[in-house]
Amino acid sequence: MKIIHTIQELHAELQHQSNIAFVPTMGNLHAGHIHLVELAKQQARCVVVSIFVNPLQFGPGEDLSSYPRTLDADCGKLAAVGADIVFVPSVGELYPDFDSVDLHQSMTVQPSAIALELCGASRAGHFVGVATVVMKLFHIVRPDVAVFGKKDFQQLTILREMVKQFNMNIKIVAGETVREASGLAMSSRNGYFNFAEKVQAVQLYRALSEVVEKVGQGQRDYAELERLAVERLEKQGWQVDYISLRCALTLQPASAADQDLVVLGAAKLAKTRLIDNIEFCAKPLN
Ligand code: PAF
């Protein structure tokens with residue numbers, strides 16, 4: 001496995017590769033990321049994984065400076081799973097004039113309106129940062145296939161749309177969320193919790209699961225189900241950003257006629273903001 005830091009070196013390494021699967025990450029890799037690399041290996045001969053904590057997708061006061069950076073451990077895991085190339089650019093390599101980067105003055109990718117809802121409503125500019133860095137990485141790596149996790153369901157939807165609207169010839173493959181035995185979704189941010197908080201953190205998944213169960217029992221008052229889930233989490237000490245039932249294909253608010261659904265949630269426990277979601281099918285009512 002080669003570890004590469006510059007675009008020039010990467011291009012030299014990839015010039016004879018015609019079949020590339022790409023997994024963009026911000027590092028601090030866990031079983032969820034490793035699953036994405038395994039999927040990538042099924043898709044192409046050469047697997048490139050990027051590790052880059054993208055400053056453009058963090059807002060003021062977010063955890064950019066404390067975001068865990070664990071390159072040696074990450075490379076060990078990637079070598080074990082059989083990745084071919086790890087691309088680890090510096091901020092200067094991807095954004096040569098980063099100090100002067102201002103989202104309003106630099107060229108960025110402006111995602112469609114769905115990026116302003118859900119996580120986009122409270123994290124202004126987040127998806128502009130994600131779409132911009134992924135567009136840059138796609139141009140640098142030139143993959144045939146790119147693999148993203150369903151854990152970041154809104155991100156996945158926006159990036160699928162970006163590839164479609166910009167006519168990029170890249171197949172997007174989605175990996176299922178990997179969970180701990182408790183049901184807690186694997187996330188780099190789980191490392192911020194102490195033992196007691198980590199035990200409590202599964203409550204977000206349980207609240208989403210209860211929504212799925214109630215839809216399965218025939219309940220179709222989605223606003224009420226969302227309200228009850230928020231109330232349940234708040235009683236347990238969470239600061240809820242949103243719980244929202246959406247059409248899984250468009251991410252528009254779910255209507256009783258939609259069958260492919262996703263319930264998404266974002267909430268803060270102690271100082272850590274978690275997101276999670278469950279994709280499911282609502283059987284038509286007779
Ligand atoms: O999901 C992530 O880890 C990041 O948002 C991504 C896609 C690597 C872009 O920085």
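The values are calculated or read from the model by the stated rules, or taken from the named source; none is laboratory data. If you're wondering where the values come from, they're calculated on a predicted model, not measured in any experiment. Neighbour counts run over all protein chains shown; Cβ positions are idealised from the backbone, glycine included.
Can you find a residue that is polar (S, T, N, Q), assigned to a helix (DSSP H, G or I) and closer than 27 Å to R69 by Cα anywhere in segment 115-122?
Initially, segment 115-122 is screened for residues polar (S, T, N, Q), giving 122.
Restricting the remaining residues to those that are assigned to a helix (DSSP H, G or I) gives 122.
Right, trim to closer than 27 Å to R69 by Cα and you get 122.
Yes, segment 115-122 contains at least one residue that is polar (S, T, N, Q), assigned to a helix (DSSP H, G or I) and closer than 27 Å to R69 by Cα.
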Self-check item: helices (runs of 4 or more DSSP H) lying entirely in segment 1-108 (those with 2 or more residues that are modelled with pLDDT under 95, among the aromatic types (F, W, Y) and within 14 Å of the ligand (Cβ to nearest atom))
Solution: none
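Condition test on I140, is it in contact (Cβ under 8 Å) with a residue 12 or more places away in the chain and crowded, with 19+ Cβ neighbours inside 10 Å? Reasoning before the result, please.
On the way: in contact (Cβ under 8 Å) with a residue 12 or more places away in the chain: yes; crowded, with 19+ Cβ neighbours inside 10 Å: yes.
So I140 fits the description; yes.
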Exercise. Those residues that are touching a residue at least 40 places away in the same chain (Cβ under 8 Å), closer than 17 Å to L261 by Cβ and either within 11 Å of the ligand (Cβ to nearest atom) or surrounded by fewer than 18 Cβ atoms within 10 Å (Cβ to Cβ) (or both), I need them from segment 154-165; list them, please.
Key: Q154
Quiz item: Can you tell me which residues in segment 137-150 are closer than 15 Å to V37 by Cα and either more than 8 Å from the ligand (Cβ to nearest atom) or not in a strand (DSSP E or B) (or both)?
Solution: P143, D144, V145, A146, V147, K150
Quiz item: Hey, F148 hits all of (1) within 17 Å of M107 (Cα to Cα); (2) at pLDDT 95 or above but one; which does it fall short on?
Solution: (1)
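Kindly indicate which of M162, M168 is closer than 24 Å to F127 by Cα, hydrophobic (A, V, I, L, M, F, W, C) and in a loop (DSSP other than H, G, I, E, B). Step through it out loud before you land on a result.
Numbers: M162 fails: in a loop (DSSP other than H, G, I, E, B).
Answer to the selection: M168.
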Quiz prompt | Answer residue from segment 109-135, given it is within 12 Å of the ligand (Cβ to nearest atom) and of a type in the set (G, A, S) and is farthest from Q165 (Cα to Cα) among those | solution = G129
Quiz item: Could you list, in sequence order, the residues of segment 169-199 that are among the polar types (S, T, N, Q) and surrounded by fewer than 16 Cβ atoms within 10 Å (Cβ to Cβ)?
Solution: N169, S182, N194
